[in-house]
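Here's the structure, in structure tokens; my notes come after.
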Amino acid sequence: MKREQHQVISRNESFAQRQRTRIWQETPDKENPFVAESCLCHGYDLLELMEKRSFIDVLFLLFQGELPNSDKEKLLESLMIALINPGPRHPATRAAMLTGVGKTDPVHILPISLSILGGNHLGAGEIEGAMRFLRTQIKKDPVQVAQEILSQQESPETGDWHPAPGFGNRFGDIDSLSCQMATQLAKLPGAGPVLAWGNIFSEALHPHKMGWLATGLAAAVFSDLGFQPRMGGGLFQLLCAPGLLAQGLELTNKPITAMPFPKDEDYILEED
């Protein structure tokens, strides 16, 4: 049996000789160059940031390359509180809770639950699309956009309907809490035109039992804060992470019976 001969094709690429980043600069220790003596985040000394700035400020600086003004800081802080816990009804939170009660190593609670949160259903996978949707529609009349979208789509027979990324219903009804959060955030001085547009669009969907979802709310605020769409999904996961971890850790010392287990009659086996 002859071995197949495969043609070797050169990629003709020249790789960097060293890694480079504009975000972080480390000054090596004089005695050990593998240890950092000081660090700069976009030119700001880390120790000085620890002393004079808030976590919100440095988080914004890390991704945007500049410190926020007080209005942007308050808007981001309020969004972080709004998203701090997706809640026990969210699939990602249930994954965290099951991971905890199942006696999985606690260090795996967060990555497991974040992988679920990375999905498109009420998760980070919907954020970029929602940000791009808001970007393309912002100059149009939100009420007219809602009417056009609803006229061009049909409601599914079962399950929730998300006619636009970040907007729709949960369990067949309006996500009331997300709408209340949007109203509260819109009152802040740092709120911008994207959030305002989304509020009108959401209200136009209310007669059809739809409106803001947490993913759309996050997308709107991220847009008003100047974050790029590709940043949105990861930021959403970051802001939801504390609640996921807390919910999972709560059950690490509980018996497995602390979580419900489906009864035999709840299993449905479909016949071929």
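From helices alone, the chain scores -14500 deg cm²/dmol at 222 nm; the rule is -39500 (n - 2.57) for each run of n ≥ 4 DSSP H residues, then divide by the residue total.
Taking a probe of 1.4 Å, how large is the accessible area per residue of the chain, in Å²? Averaged over the residues of the chain, the accessible area is 65 Å². When Rg and Dmax are taken over the Cα atoms of segment 193-272, they come to 19.6, 53 Å. Here the simple spin-label model places points 7 Å from the Cα toward Cβ, and for GLU26 and ARG230 these points are separated by 2.5 nm. Across all Cα pairs in segment 86-159, the calculated P(r) in 10 Å bins from zero up to the longest distance comes to 17, 31, 26, 17, 8, 0 percent per bin.
For segment 93-156, the set of trypsin sites (Lys or Arg not before Pro) satisfying both a DSSP loop assignment and a count of at most 16 other C-beta atoms within 10 Å is given as LYS103, LYS139, LYS140. Ligands, DNA and RNA left out, the accessible area of the chain computed with a 1.4 Å probe is 53% carbon and sulfur. Between GLN147 and ILE81, the FRET efficiency estimated from the beta carbon spacing at R0 = 30 angstrom works out to 0.35. Over segment 122-272, the fraction of Cα-Cα pairs per 5 Å bin, rounded to whole percents and listed from the shortest bin up, is 2, 9, 16, 18, 17, 12, 9, 8, 6, 3, 1, 0. Candidate membrane-span-like segments in the chain, meaning DSSP H helices with Cα atoms spread over at least 27 Å of their own axis and a Kyte-Doolittle mean of 1.6 or above, do not occur, with no membrane implied either way. Residue pairs exceeding 24 angstrom between C-alpha atoms, taken from LYS72/LYS187; LYS52/LYS187; LYS74/LYS140: LYS52/LYS187; LYS74/LYS140. In this calculation the C-beta distance from ASP105 to ILE200 is compared with R0 = 41 Å, giving a FRET efficiency of 0.30.
Evaluated on segment 1-88, the Kirkwood hydrodynamic radius is 17.3 Å, with distances taken between all distinct Cα atoms.
Per-residue extension of 0.36 nm, minus the Cα-Cα distance of LEU67 and GLN184, leaves a gain of 39.7 nm for this segment. Sequence-distant contacts, meaning Cα pairs under 8 Å at least 6 residues apart, place the relative contact order of segment 51-135 at 15 percent. Using a cut-off of under 16 Å, list every residue of segment 102-144 whose amide N is near the label point 7 Å from the Cα of ALA258 along the Cα-to-beta-carbon line. The answer is 102-110, whose backbone nitrogens lie closer than 16 Å to the label point. Taking 22 Å as the straight-line reach from the Cα of LYS254, the lysines in range (excluding those fewer than 8 positions away in the same chain) are LYS103, LYS263. The equivalent ellipsoid that matches the C-alpha gyration tensor of segment 85-128 spans semi-axes of 20, 11, 6 angstrom, in descending order.
Here the mean projected area of the convex hull built on the C-alpha positions of the chain is 26.2 nm². What aspartates and glutamates does LYS209 reach when the alpha-carbon gap must be under 19 Å and sequence neighbours fewer than 8 apart in one chain are set aside? Filter leaves GLU148, GLU154, GLU157, ASP160, ASP173, ASP175. Loop-located chymotrypsin sites (Phe, Trp or Tyr not before Pro) in segment 1-69 (DSSP state not H, G, I, E or B) with no more than 10 neighbouring Cβ atoms inside 10 Å: PHE15, PHE34.
Split the chain at each of the GluC sites (Glu not before Pro) in a DSSP loop with at most 10 other beta carbon atoms within 10 Å, and the longest piece is 32-153.
The values are calculated or read from the model by the stated rules, or taken from the named source; none is laboratory data. Please read these numbers as outputs of a predicted model, since none were measured by experiment. Cβ coordinates were reconstructed from backbone atoms using ideal geometry, including for glycine residues, and neighbour counts include every protein chain displayed. Note: accessible area is taken over every heavy atom of the protein model, side chains too, but ligands, DNA and RNA are not part of it. Shrake-Rupley method; radii C 1.70, N 1.55, O 1.52, S 1.80 Å.
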